[in-house]
Amino acid sequence: IIGPILGGMIIFYAFFTGVSTAQTILREDEEGTLPRLFTTPTPTAVILTGKFLAVFLTVVIQLVVMLILGRLIFAIPWGKLALVACFACGTILMASSFGIFVNSMLKSTKQGGVVFGGVVTVTGMIGMIKIFTLGGGASPASGTLDIASLFVPQGWAVRGLLQAMNNASLNDALLTLLGMLAWAAVLFVI
């Protein structure tokens, strides 16, 4: 039982990390650092790519360390390495894109605390319905809740995690991986 719960916590905090790390873009804009960077000969795309990579690498380190510690400390069988790596990459991409997306909707860092706490917590809880209900059984409500969880990116990450932990084949998990990549792409483009 600890595996899905720790996995859910890893996903939950990956999204919090993505959002809070991306807030540095807002902070630098408020402090005037970002506008000054844009006056240098460095192309704007390169500067913003560097900001995105900082968010991405922070989430990578967090997720990898947590997965390794979960395995070493709690002996959690995360599943086949290839599938866990795919799930981790999808989660990292979604969490990073989600962080950039949420911050792009804000005008200042003062809005961040309420929005981060509210948006990330609510979407995280919706996405983790399957973990909160411990699988939920085979009731009709369970199927509805599983579908509802896919309306947020965290739901796809949880689905990928549970598939990896249940040793699904890569073919069985392909739809989930494509869903994760679609979420990441849509959030990043927006």
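The values are calculated or read from the model by the stated rules, or taken from the named source; none is laboratory data. Note that the structure is predicted; figures quoted are calculated from it, not measured. Neighbour counts are summed over all protein chains in view; Cβ atoms, including those assigned to glycine, are modelled from backbone coordinates with ideal geometry. Ligands, DNA and RNA are stripped out before the accessible areas are found, and what is left, the full protein with its side chains, is counted by its heavy atoms. Shrake-Rupley method; radii C 1.70, N 1.55, O 1.52, S 1.80 Å.
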Original post:
Using beta carbons and a limit of 8 Å, which pairs, at least six apart or on different chains, have the first residue in region 126-139 and of a type outside the set (Ser, Thr, Tyr) and the second one at pLDDT below 80 and not in a helix (DSSP H, G or I)?
Top reply: Ile129/Gly136; Lys130/Gly136; Leu134/Ile1
Original post:
In region 149-190, what residues are among the aliphatic types (A, V, I, L, M), open to solvent by less than 40 Å² (accessible area, probe 1.4 Å) and in contact with a Cys (Cβ under 9 Å, 6 or more places away or on another chain)?
Top reply: Ala164, Ala173, Leu177, Met180
Original post:
Of the residues in region 146-174, how many are without any contact (Cβ under 8 Å) to a residue 40 or more places away in the chain and more than 16 Å from Trp78 (Cα to Cα)?
Top reply: 11
Subject >> Residues located in region 51-78, provided they are over 19 Å from the mean Cα position of the chain (by Cα) and open to solvent by less than 60 Å² (accessible area, probe 1.4 Å) >> reply: Ile76
**OP:** Would you list the helices (runs of 4 or more DSSP H) that sit entirely within region 14-120 and hold 1 or more residues that are within 21 Å of Val189 (Cβ to Cβ) and either in contact with a strand residue (DSSP E or B) (Cβ under 8 Å, 6 or more places away or on another chain) or basic (Lys, Arg) (or both)?
**Re:** 44-74
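Is region 162-185 home to any residue that is among the polar types (S, T, N, Q), modelled with pLDDT under 95, within 30 Å of Glu28 (Cα to Cα) and assigned to a helix (DSSP H, G or I)? Break it down into steps so the answer makes sense when it comes.
Step one: filter region 162-185 for residues among the polar types (S, T, N, Q), giving 163, 166-167, 169, 171, 176.
Then keep just the ones that are modelled with pLDDT under 95; that gives 163, 166-167, 169, 171, 176.
Still in the running and within 30 Å of Glu28 (Cα to Cα): none.
Checking region 162-185: not a single residue is among the polar types (S, T, N, Q), modelled with pLDDT under 95, within 30 Å of Glu28 (Cα to Cα) and assigned to a helix (DSSP H, G or I).
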Original post:
Can you tell me which residues in region 133-159 are modelled with pLDDT under 70 and part of a loop (DSSP other than H, G, I, E, B)?
Top reply: Leu134, Gly135, Gly136, Gly137, Ala138, Ser139
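Out of region 111-125, which residues are open to solvent by 60 Å² or more (accessible area, probe 1.4 Å) and under 16 Å from Phe101 (Cβ atoms)?
Within region 111-125, the subset open to solvent by 60 Å² or more (accessible area, probe 1.4 Å) is 111, 114, 122, 125.
Matches in region 111-125: Gln111, Val122.
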Subject >> Where Phe38 falls short, out of the listed (1) more than 19 Å from Gly113 (Cα to Cα); (2) open to solvent by less than 40 Å² (accessible area, probe 1.4 Å) >> reply: (2)
Original post:
Here are some conditions: (1) farther than 22 Å from Val186 by Cβ; (2) open to solvent by less than 50 Å² (accessible area, probe 1.4 Å); (3) part of a helix (DSSP H, G or I); (4) β-branched (Val, Ile, Thr). Ile5 meets all but one. Which one does it not meet?
Top reply: (2)
